[in-house]
Amino acid sequence: MHQDRKGDYPQFENVIYLDSAGTPPYSQELIERVHEDLRHRRYANPHSNSGPAQAIANDVQSVRKQVLKFFGASTEDWDVVFVANATAAIKLTADCFRDYAEANGKEFWYGYHRDSHTSLVGARELAKAHRCFIQDGDIDEWILEPTRAGHQSKRVNLLAYPGQSNMTGRRLPNHWPGLIRGNADNESETYTLLDAAALASTSPLDLSKTSTSPDLVTVSFYKIFGYPQLGALIVQRQSAKLRKLLLSRRYFGGGTVDMVTTIGGSWHVKKNGSLHEALEDGTPLTNSIIATKIAIECHHDKYGEKPMVEVAKYTTCLARGLVEALSALRHANGKLIIRLYSDFSTGQAQGPVIAFNVLRADGSLFPYNEVERLANERNICLRTGSLCNPGGFAGELGWTPEELQQAYAAGHRCSKPESVVFDKATGVIRVSLGMHNTAWDVRRFILFIRDTLIPRLLHEIPQRVRKQKLWYESLISVS
């Protein structure tokens, strides 16, 4: 696929940007189209009844349909609740579950996968009980557990998991919603929440089969298009129980109620139409919602009828090439220079994200923050640290809760990290690729490791090792 970096992404003409999983860059075409829209469209508050206001209200409804079509979902089966970002969608969901459980004398139980983003983990604080599932198989066992059904009348369960680890790029199984429905009884109140923010950025998200799809899905549109800053909670419509649950939220904001009294008594009536009417607090984010429509159109114009299929093919190809080059790097003593945490041997179960650390010849860790510093000096942008993935980071790097508490006491912070504590890495280096990247970016990054990192590693190792015959040039193949 031909990429015109200068024309499409002029803001990164002289920069190797390798942090798409954080925020991908937006294209010049998208911003120009949004600018034209802002110049000519009459934006108004859709809660008003003026002509421009009602036109905007109709436009917002049209974008809901367009978003569902982008994810292969029908308007009969799904609703779209626009929110600030995926984190806001997760918080909204957890609030609804907590309030429903308390109002109905039930216990809100929350289960989440080890690979969850911090925003998914944080929802546990709103639950009465929670569990972190370490392995995929642990969730299968929990779903099939004979005793689980016996507790359903007293408990409402929410199983949350990411579609893709934002740390390693590993894509998780997608069979759990169907397995839960196949093992549910009439009293069951077990629902699934898929955090698709990372997955949907470089992979098709297909919600066409409701029987095997999650009950709730969170997405961030800026993770896909670079702009705008907008998220959504996508909800299955057909479950009356789920609808009742989501409408049990205590808080209400402007636009979500039909009547409110304040003087002489506290009484209100919530809107009882579509879910988005009851859950979208305040004035809709109309500018961002319309910009999302434009972003979807740009994606189709540039990448065809199935744009995310093309995105997945292209970014996966780049990532595989980079992983192959990194895996080939060796010290003179034969030991690995790169310790990979991403696995590209599993076909489609891996996104274009490479997590790794750099090792010295004696196997000790080279500080990841030093790698980032050196990269910044050469206009190479990447991400380091624990990446807001506490379970994935602890699992991959072998940290226990007690050790992490000791590291905190010793001064380590996520916001101000020490790269190595107690001879353990406190994070990783992450390279994530997007449609703005080219094969030249991959080549430049390998050259950076060869020409900058490896000499630094040689400078640090003992004199007796430095005198050994080194074969780095022959081991590093950059075509």
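The values are calculated or read from the model by the stated rules, or taken from the named source; none is laboratory data. As the structure is a computational prediction, the values presented were derived from the model and not from experiment. Cβ coordinates were reconstructed from backbone atoms using ideal geometry, including for glycine residues, and neighbour counts include every protein chain displayed.
Among the residues of the range 1-52, the ones that are exposed (fewer than 14 other Cβ atoms within 10 Å of the Cβ) and modelled with pLDDT of 95 or more come to 12 in all.
Of all residues in the range 68-82, those that are surrounded by 23 or more Cβ atoms within 10 Å (Cβ to Cβ) and either aliphatic (A, V, I, L, M) or at pLDDT below 95 (or both) total 3.
Restricting the first member to the range 198-214 and to residues that are assigned by TED's automatic domain parsing to the domain that holds E76 and farther than 16 Å from E305 by Cα, and the second to residues that are of a type in the set (F, W, Y) and at pLDDT 95 or above, the beta-carbon pairs closer than 7 Å and six or more apart or on different chains are L207/F71; L207/W78.
Only one residue in G253, G282, G321 is modelled with pLDDT of 95 or more and outside the structural domain of A53 (by TED's automatic domain parsing), so which one is that? Talk me through it step by step, then tell me what you get.
Working: G253 fails: outside the structural domain of A53 (by TED's automatic domain parsing); G282 fails: outside the structural domain of A53 (by TED's automatic domain parsing).
Answer to the check: G321.
Looking at the range 208-244, which of its residues are outside any helix (DSSP H, G or I), crowded, with 19+ Cβ neighbours inside 10 Å and either basic (K, R) or more than 17 Å from the chain's Cα centre (by Cα) (or both)? Within the range 208-244, T210, S213, D215, V235, Q236 meet the criteria.
Surrounded by fewer than 16 Cβ atoms within 10 Å (Cβ to Cβ), small (G, A, S) and farther than 19 Å from L205 by Cα: which single residue out of A332, A328, A349, A319 fits that description? Let's see the steps before the verdict.
Values: A332 fails: surrounded by fewer than 16 Cβ atoms within 10 Å (Cβ to Cβ); A349 fails: farther than 19 Å from L205 by Cα; A319 fails: surrounded by fewer than 16 Cβ atoms within 10 Å (Cβ to Cβ).
Within the list A332, A328, A349, A319, the selection yields A328.
Considering only the range 396-425, state which residues are over 26 Å from Y17 (Cβ atoms), small (G, A, S) and buried (at least 17 other Cβ atoms within 10 Å of the Cβ). Selection gives A407 alone. Looking at the range 168-202, which of its residues are at pLDDT 95 or above and part of a loop (DSSP other than H, G, I, E, B)? Answer for the range 168-202, where residues must be at pLDDT 95 or above and part of a loop (DSSP other than H, G, I, E, B): T168, G169, L172, P173, N174, H175, A196, A197, A198. Looking at the range 45-61, is at least one residue in contact (Cβ under 8 Å) with a residue 12 or more places away in the chain, in contact with a Pro (Cβ under 8 Å, 6 or more places away or on another chain), over 30 Å from H300 (Cβ atoms) and part of a helix (DSSP H, G or I)? Scanning the range 45-61, I find no residue that is in contact (Cβ under 8 Å) with a residue 12 or more places away in the chain, in contact with a Pro (Cβ under 8 Å, 6 or more places away or on another chain), over 30 Å from H300 (Cβ atoms) and part of a helix (DSSP H, G or I), so the answer is no.
Residues in the range 395-417 that are touching a residue at least 12 places away in the same chain (Cβ under 8 Å) and at positive phi: G398 alone.
How about the range 360-372: which of its residues are part of a strand (DSSP E or B) and surrounded by 19 or more Cβ atoms within 10 Å (Cβ to Cβ)?
Start the filter on the range 360-372 by keeping residues that are part of a strand (DSSP E or B), which leaves 365-366.
Result: F366, single match.
Residue under question is G392, and the condition is that it be surrounded by 21 or more Cβ atoms within 10 Å (Cβ to Cβ), within 21 Å of S20 (Cβ to Cβ), in contact (Cβ under 8 Å) with a residue 24 or more places away in the chain and not aromatic (F, W, Y); does it hold? Considered against the rule, which asks whether it is surrounded by 21 or more Cβ atoms within 10 Å (Cβ to Cβ), within 21 Å of S20 (Cβ to Cβ), in contact (Cβ under 8 Å) with a residue 24 or more places away in the chain and not aromatic (F, W, Y), G392 comes out as yes.
Quick one: which of S288, S248, S239 is modelled with pLDDT under 95 and assigned by TED's automatic domain parsing to the domain that holds V80? Unique residue meeting the criteria: S239.
Is there a residue being more than 18 Å from T87 (Cα to Cα) and in contact with a Leu (Cβ under 8 Å, 6 or more places away or on another chain) anywhere in the range 213-226? Write out each step before concluding.
Keep residues of the range 213-226 that are more than 18 Å from T87 (Cα to Cα), which gives 213.
Within this subset, residues satisfying the condition of being in contact with a Leu (Cβ under 8 Å, 6 or more places away or on another chain) are 213.
Yes, the range 213-226 has at least one match.
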